[in-house]
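What follows is calculated from the coordinates using simple rules that are stated; it is not laboratory data. These figures come from a predicted structure and were not determined experimentally. Using ideal geometry, Cβ is built from the backbone for each residue, glycine included, and neighbour counts are taken over all protein chains shown.
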Amino acid sequence: MQSTVHGTAVELLGDAGMLADEGLIAIDADDRVALASPRARGLLQGHSLERGAQFHSTGVDFRVLRLVDAALKSGRMEEREISFENRDLVLRARRVDHPDIAVIVTVRDETRLHRLERVRRDFVSNVSHELRTPVTAVRIMAETLENGGLDDPAAAADFVRRIALEAMHMAQIVEELLELSTIESGLRPLAKERVSVDSLFSAVDRLRPLAEDKGVSLEVHIAPGTPEISGDSSRLGQVMRNLVHNAIKFTPRGGRIDVEASAGSRGYVVLRCRDTGVGIAPADLPRIFERFWKADSSRQRDGEGSGLGLAIVRHVVDAHGGSVSAASEPRHGTEFTVELPAATEQS
């Protein structure tokens, strides 16, 4: 009987493929449940939706009951979106002319789609915000130069320098957006090679002049017996550059940055980047790997970043099957810990 009702419902809806992703409830003319698929019972948590049960007495959410009543009254397809038990559900109810079925209800879980749409909106909003500031600054300075600023050579030179810096900032945002998009899409597969920590830390050495210029000491230590890492040397070098550059940016003059590598447990290599900088507030720590996330203003004093560096770190490390975490105390510095699979004989 139940398979017959299901087949009838599919025939009436005219789309069997659609039902593969949807829950289905069929109700007869006496308001009794003729069919409730496991998917529908799961989404609506309607454990009492047994065949033959009085539908309006099953304890199903009142919004579902109202939808069915509306469909019976109007004779049209009725649709509602509801939030239920942390899910975003789309419900459709339709009155049908059939001796065994009076109303068909379908339930679709669109939680993931809605979440992706929110991420997309946030992403567009964040990109717009990040680019609006430098674009506005460039426009204002260009207008100043156009309206007589060129008459003061010293001021004009300063404006040109600042315009160049803002242009570099915009270029950095665009470049890192493209980089993050490439990593997330998997369009460029990771190289699988044996990477020595010595060669990996050469990426750190290239940042030494930046640290020295700021008056920050940069120390590197590789523990004896540290194995090679299995992964993409270019991407892993990017991880270290981003972490150390971040540490330099937020460590005041006279501070110290230590970069270390050692053998970890379970066949992993542990990389650490520890600084004596301004630190991160406990409330901000859970979000530091989100794209465009920037902590409180005390961590912005050395200039604007793109807000993408740590997001790139997380995605590269995740793609290697590793993990990254951060520990920090405001005004006492931050330590990032990266664990990556060590190379094996087969690597």
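For the reader, a short list of remarks on this structure follows.
- Relative contact order of the chain, defined on C-alpha pairs under 8 angstrom at six or more residues apart (%): 12
- Using alpha-carbon coordinates, inclination of helix 309-319 to the longest axis of the chain, degrees: 60
- The HN-Hα couplings worked out from phi for the stretch 151-160 by the Karplus form 6.51 cos²θ - 1.76 cosθ + 1.60 (θ = phi - 60°) are 6, 10, x, 5, 5, 4, 4, 5, 4, 4 Hz, whole numbers, x standing for Gly and Pro.
- The calculated Kirkwood hydrodynamic radius for the chain is 25.0 Å, given to one decimal from all distinct C-alpha pairs.
- Mean-position separation - Cα centroids, the stretch 49-118 and the stretch 167-231, in angstrom: 52
- Packing here is the average count of other Cβ atoms within 10 Å per residue, and on that basis the peptides 213-223, 320-330, highest first, run 320-330, 213-223.
- All-pairs alpha carbon distance profile, the stretch 108-227, 5 Å steps from 0, percent: 2, 8, 9, 10, 12, 13, 13, 12, 9, 6, 4, 2, 0, 0
- Cα gyration tensor shape of the stretch 159-260, rounded if a/c is under 1.5, else prolate or oblate by comparing a/b with b/c: oblate
- Compared with the dominant Cα axis of the chain, that is its longest principal axis, helix 233-249 is turned about 70°.
- Placing +1 on the Cβ of every Lys and Arg and -1 on the Cβ of every Asp and Glu, with no other charges, gives the chain a dipole of roughly 360 debye about its Cα centre.
- Nearest-ten-degree value, helix 111-146 long axis tilted from longest Cα axis of the chain: 40
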